Amino acid sequence: MNSVRNPSPRLANMVPYDPKYMPAQCMMSANENPRDIPEEVRHEVVHALRNLAFNRYPDPLAQDLRQAIADANGLDQDNVLMGNGGDELLFDIALAWGGKGRTFLNIPPTFSVYENNAQLTGTTVVNIPRRADYSIDEEAVLTRLAQGDIDYVIIASPNNPTGQLADETFLMKVLDASDALVVVDEAYFEFSRTTMRPYLAQHRNLMILRTFSKAFCLAGVRMGYVLANASLIRELIKVRQPYSVDAVSQQIACAVFKHRECFERGILDIIDQRSWLIQELTATDGVKPYPSDSNYILFKVESMDAHEVWEQLYQRGILIRDFSNGLYTSQCLRVSVSSEEDNQTFIEALRSILKGEAYE
Ligand SMILES: *Cc1c(COP(=O)(O)O)cnc(C)c1O
């Protein structure tokens, strides 16, 4: 055959996820940690890898890591599931709670992976857009949930790309509004220092998603996890790829988690730098930053075309993320909080671009 029939019609209107990740001197687009893992932890990883049996399949559920995370959170092993990045677990959630004839409630603008996964699995998407200031339209969400037909809802807290936490009282109401699965995506919880974990015991419909990619500097390794009632974890285990969490990643994440206190300084530094960046952006004519509980800041460009600003930053070696063609984020760009040096370079370049200065 020199031809092939079309794939599932679901793919017809889909565009592949494109992080628009390109090399640059200042990498400020993907909310990565500007630091790599501490040398002592790297040393321990190298030692563990030297003795690793590469010819053997990994432990499918990564029990050592699972136990360590359970212990740290005052939970049991069967309340924890590891995944190949948080992204894999988000896909597993769509496989398990979505599908044909099922409905997902989305609160855009938010992480685009949620809606993509719903489309891939043939799940109906109900969008309840945020208000102009990107706060959640709480009334609308609760009213929609009370109709009883929503199978799962995902709320990123802090929300990506807008930056702010969801209100805890609101999240409690969401948990009580229906029996829908409520996923609270806490990918940035180490920067917000706020978690729904204490509510796991009383709410069987709560699932919390976390990742090693941001605060723990492991974006390149792919490791995430969920915390939930054991019955929910059992359902996810039915749909997951048995060996998605490879043996090398398990070793690295174990070492990092064991030494997690070493990452504390870096996290506090980012929180400090976040305040500095917000203050500088606020003092810059022509842009308006949104508040952030996370390690990135969304800002609106008011005095020129946002894509043009993005382009000129890139020409100066600074890569940030352009959201200006998004349905709810016109004129918006997102900058990841980086090292003090990168952050200063970014602010200087931005001010120069907004003043219309030429770059040689
Ligand atoms: C980064 C991120 C994740 C998970 O990323 P992984 O690298 O796949 O672990 C999940 N949710 C949000 C909102 C994120 O920004």
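Please list the helices of the chain that count as membrane-span-like by this rule: a mean Kyte-Doolittle hydropathy of at least 0.5 together with Cα atoms stretching 18 Å or more along the helix axis, each helix being a complete DSSP H run.
Counting only whole DSSP H runs, the qualifying helices are 85-97.
Where in region 310-337 does the label zone of Lys355 land, with the point 7 angstrom along Cα→C-beta and an amide N cut-off under 19 Å?
Correct set: 310, 312-318.
Can you give the longest stretch of the chain with no exposed loop site, where a site means chymotrypsin sites (Phe, Trp or Tyr not before Pro) in a DSSP loop (not H, G, I, E or B) with at most 14 other C-beta atoms within 10 Å? It would help to have the intermediate numbers written out before the result.
Details: sites that count: Tyr17, Tyr21, Phe54, Tyr243, Tyr359.
Longest gap between qualifying sites, sites excluded: 55-242.
Tell me the carbon and sulfur percent of the accessible area for the chain, rounded to whole percent, probe radius 1.4 Å.
Details: 8390 of 17050 Å².
The value for the chain is 49 percent carbon and sulfur by accessible area.
Can you list the GluC sites (Glu not before Pro) in region 248-328 that are in a DSSP coil and have 15 or fewer other beta carbons within 10 angstrom? Please report the intermediate quantities before stating the final value.
Working: sites: Glu261, Glu264, Glu280, Glu302, Glu308, Glu311; in loops: Glu302.
When the GluC sites (Glu not before Pro) of region 248-328 are filtered for loop state and at most 15 Cβ neighbours within 10 Å, Glu302 remain.
Short version: what are the Cα gyration tensor semi-axes of region 127-222, square root of 5 times each eigenvalue, largest first, in whole Å? Before the final figure, lay out the partial values.
On the way: eigenvalues 110, 52, 27 Å².
Result for region 127-222: semi-axes of 23, 16, 12 Å.
Label-point separation (nm) for Gln344 and Asp167, each offset 7 Å from Cα along Cα-to-Cβ?
Between Gln344 and Asp167, the simple spin-label model gives 4.0 nm.
Given the -39500 (n - 2.57) contribution per DSSP H run of 4+ residues, what per-residue ellipticity at 222 nm results for the chain, rounded to the nearest 500 deg cm²/dmol? Before the final figure, lay out the partial values.
Values: 12 runs with 133 residues, N = 360.
Calculated mean residue ellipticity at 222 nm is -11000 deg cm²/dmol.
Calculate, for region 36-195, the solvent-accessible area per residue in square angstrom, rolling a 1.4 angstrom probe over the heavy atoms of the protein chains. Working shown, then result.
Details: 6850 Å² over 160 residues.
On a per-residue basis, 43 Å².
Give me the distance in nm between label points sitting 7 Å out from Cα along the Cα-to-Cβ direction at Lys100 and Leu49, one decimal.
4.5
Regarding region 1-113, what is the average projected area of its C-alpha convex hull, in nm²? Don't skip to the answer; put the middle values down first.
Numbers: hull surface 55.5 nm².
Average projection, Cα convex hull of region 1-113: 13.9 nm².
Note the direction-averaged projected area, equal to a quarter of the hull surface, for the Cα convex hull of the chain, in nm².
Working: hull surface 84.1 nm².
Taking a quarter of the hull surface, the average projection is 21.0 nm².
Can you give me the relative contact order of the chain as a percent, contacts being Cα pairs under 8 Å and 6 or more apart?
After rounding, I find 22 percent.
Can you pull out the trypsin sites (Lys or Arg not before Pro) in region 1-85 whose DSSP state is coil and whose Cβ has at most 13 other Cβ atoms within 10 Å? Present the calculation step by step, with values, prior to reporting the outcome.
Values: sites: Arg5, Arg10, Lys20, Arg35, Arg42, Arg50, Arg56, Arg66; in loops: Arg5, Lys20, Arg35, Arg56.
When the trypsin sites (Lys or Arg not before Pro) of region 1-85 are filtered for loop state and at most 13 Cβ neighbours within 10 Å, Arg5, Lys20, Arg56 remain.
Using 11 Å as the cut-off for backbone N distance, which residues of region 220-260 belong to the label zone defined by a point 7 Å from the Cα of Tyr21 along Cα→Cβ?
Hits in region 220-260 for Tyr21 at 11 Å: 220-222.
Please give the Cα centre distance for region 270-307 versus region 107-127, rounded to the nearest Å.
27
Taking the alpha-carbon centroid of each part, what is the distance from region 7-57 to region 162-234 in angstrom?
Result: 21 Å between the Cα centres.
The values are calculated or read from the model by the stated rules, or taken from the named source; none is laboratory data. Note that the structure is predicted; figures quoted are calculated from it, not measured. Ideal geometry is used to build each Cβ from the backbone, glycine not excepted, and the neighbour counts take in all protein chains shown. We work out accessible area using only protein heavy atoms, side chains counted, and drop any ligands, DNA or RNA first. Shrake-Rupley method; radii C 1.70, N 1.55, O 1.52, S 1.80 Å.
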